[in-house]
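See structure below.
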């Protein structure tokens, strides 16, 4: 530990620091959880966007990942990754780049939730005898992208995708983002169960319509941290944030606070006794305004100092003050380090 | 105009777009304003961090700028810029890098608001017969960094800086960030006047103590957009955001909405009539959560559509709905563009 601390003190701040032991533990826990359930884990890369974490999350396979942007897709493709699902409602300005990735990789998947997107795919048939691998986004009461699960159009669109030549209905994709409103394992499991059942019922409807072999996937870090047994009937899951977790996830109940693997390291750069405040060199450019300061300790948890609050930030400065009483400035010399646990790690 | 629109439509979204005519007009207006007052403009780079805007803001001189990080300082130094003020309370982990920049450039300035920082400078005398160029930060009731102007220690610290060999008290630096709480030109001018008077009174105290030739600088885009006549007695000013302005600045009264030079270009990627919403491909990764959604139109103004609200964002998605009534989806076809005016352009 001392060696680590000596190294950390040499870092220029603000610095994002990652506890690799926790990262490995979080990643291995998720791999094991879904290996036991017999469900393919397709981890999401949007939180970290690094090769190092991607290697850990895929258990070294470099296969079967989800990305949220084409920049991420290209980055991973350029670095030997394959079987990449671009889980974003197909943007019409990016069809050509998606086609190139589909032709270049052995598996590149796109997401569709409307007919016009399907038309765009038809207009750009893939070369080399390839077909577009399409996942249809189903909105299981999450309220972001997707065809509402109760809408008769959902089945009809799935049918059209399935019937279109040059296009394959590879899977049904749902995000249970509504788990982010949960508090505690029980509530998380209720949403996970609901999303799983809606998705599986939709899969039954597909089969009844003669569409077979379609995969199903749901995701979100809360639901995949506390999977319900019925999730074993899904083909895949696609959580992402769990690699780091964050304060928000610990409040939701996805993890314990000690599972959070990221910190922002900051230095004390000012003592202002006249207003009972410290200034630290971490503003929203380093930490983000995520969470809106809603924690009792403001925009972050200051590790080892539950008595402190990160009250406000400007671009490169953070104001820290005690939750109550007088600040003991001697405890926090100019130049000393504070470690902040972020509310949200993306 | 049509040519421009055709080009814009070819951009992959989300894209930050900058209106160069407005940038030039904003930059020239500021240069002219302070040329007339006989005050040196030292523009801040933290908003744009580009060479293109820096060239425009310095009128091509590539001299006399302010930065908020050493990354910015090195970037500009590497690209032929000089006379760079690193306007950040000297972080003790960065003294060596500051020393190198001081030795390499003809003018590199640091900021100090405490005695320990001065000790750190003394421990690292500059080579080549150079002296540290130090600005002392004065807090003129802004409440971020700086020695409070009413504190007898302010004069004493200035004296110590001035008396330290190898160190020069180059200037007194104040930020009137409290102009950001203003509404309208009158309130802005009142704060500008107050900050100017406090700074000038402090300069008088310095002279009375036998310290001559020290510069003075105040800044903030609101105050420098509406300077008061007494600002002519300052040596310098250091605004930054004015190069772009933003919705926040227009609400403060620094500029008109039509002066705002930046937009985030987004595409419609989803129609969700069941919840009366559009989805656009601009989340907080592109726009930031700045402003906290406090505008009547949410997190941004959607240009040409005062009836729309950017209600919420996730990392890569934005939810748009009408402020009232039913959305006419035909007006916003899938794939069509919306231009968002950000609340804050950093």
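When chain A is treated as a GNM with alpha-carbon contacts under 10 Å, the residue of A:233, A:136, A:57 showing the greatest mean-square fluctuation is A:233. A label point on residue B:325, set 7 Å along the Cα-to-Cβ line, lies at 5.9 nm from each of its counterparts in the other copies, closest listed first. Counting every C-alpha pair in chain B, the share spaced more than 26 angstrom apart comes to 54%. Take the alpha-carbon centre of segment A:286-346, take the same for segment A:123-148, and report the distance between them in whole Å. Result: 42 Å between the Cα centres. So what does log10 I(q)/I(0) come out to for segment A:154-242 at q = 0.15 Å⁻¹, using the Debye formula with one equal point on every Cα and no solvent? Results for segment A:154-242 at q = 0.15 Å⁻¹ read -0.57.
Among B:35, A:212, B:226, the ranking by other beta carbons within 10 Å of each residue's beta carbon, starting with the fewest, stands as A:212, B:35, B:226.
Counts of other chain beta carbons within 10 angstrom of each beta carbon in peptide B:88-97 average 5. Note on chain B: helix-only mean residue ellipticity at 222 nm, from DSSP H runs of 4+ residues weighted -39500 (n - 2.57) and normalised by residue number, equals -9500 deg cm²/dmol. Each peptide in B:278-284, B:164-170 gets a packing score, the mean of other Cβ atoms within 10 Å over its residues, and the list from highest to lowest is B:278-284, B:164-170. Restricting the calculation to alpha carbons of segment B:261-342 gives Rg and Dmax of 11.3, 36 angstrom. Peptide B:10-21 has a mean shielding of 1, counted as Cβ atoms of other protein chains within 10 Å of each residue's Cβ. Under the criterion of Cα pairs below 8 Å and six or more residues apart, the relative contact order for segment A:252-346 equals 35 percent.
Below 8 Å between Cα atoms, with a sequence gap of 6+, how large is the relative contact order for segment B:66-128 in percent?
Numbers: 73 pairs, mean separation 21.3, N = 63.
With pairs under 8 Å counted, the relative contact order is 34 percent.
The GNM of chain A, with springs linking C-alpha atoms under 10 angstrom apart, assigns the highest mean-square fluctuation among A:317, A:274, A:44 to A:274. How big is D, in µm² s⁻¹, for segment A:63-178 by Stokes-Einstein at 10 °C and 1.306 mPa s if Rh is the Kirkwood radius over C-alpha pairs? This corresponds to a translational diffusion coefficient of 112 µm²/s. From the alpha carbon centroid of segment B:55-110 to that of segment A:192-261 is 49 Å. Across the identical copies, the 7 Å label point of residue A:197, projected outward along Cα→Cβ, sits 7.0 nm from its counterparts, in ascending order. Built from the Cα atoms of the protein assembly as shown, the convex hull projects on average onto 32.1 nm², one quarter of its surface area.
For a Förster distance of 30 Å, can you work out the FRET efficiency between the beta-carbons of residue B:233 and residue B:124, rounded to the nearest 0.05?
On the way: r = 34 Å, r/R0 = 1.15.
After rounding to 0.05, the efficiency reads 0.30.
Label points for residue A:100 are taken 7 Å from Cα along Cα→Cβ. From this copy to the others they lie 3.6 nm apart, shortest first. Counting only DSSP beta bridges whose two residues both lie in chain B, roughly 45 percent are antiparallel. Here the extension length gained between residue A:209 and residue A:36 equals 59.2 nm, from 0.36 nm per residue of separation less the Cα-Cα distance. Based on the Kirkwood approach, the hydrodynamic radius assigned to segment B:171-315 is 17.7 Å, with every pair of different Cα atoms included. Computed from the alpha carbon positions, the gyration tensor of segment B:38-120 leads to an equivalent ellipsoid with semi-axes of 22, 13, 11 Å, biggest first. Considering only A:75, A:202, A:244, the Gaussian network model of chain A with Cα springs below 10 Å gives its largest mean-square fluctuation to A:75.
Take every pair of alpha-carbon atoms less than 8 Å apart whose residues are at least six positions apart; their mean separation over the length of chain B yields a relative contact order of 16 percent. Neighbouring Cβ atoms from other chains, within 10 Å of the Cβ of residues in A:112-118, number 3 on average.
Computed from the coordinates by the stated procedures, all read-outs in this text should not be read as laboratory data. Remember, predicted model here, so these are calculated numbers, not experimental data. We place every Cβ from the backbone using ideal geometry, glycine too, and count neighbours over all the protein chains shown.
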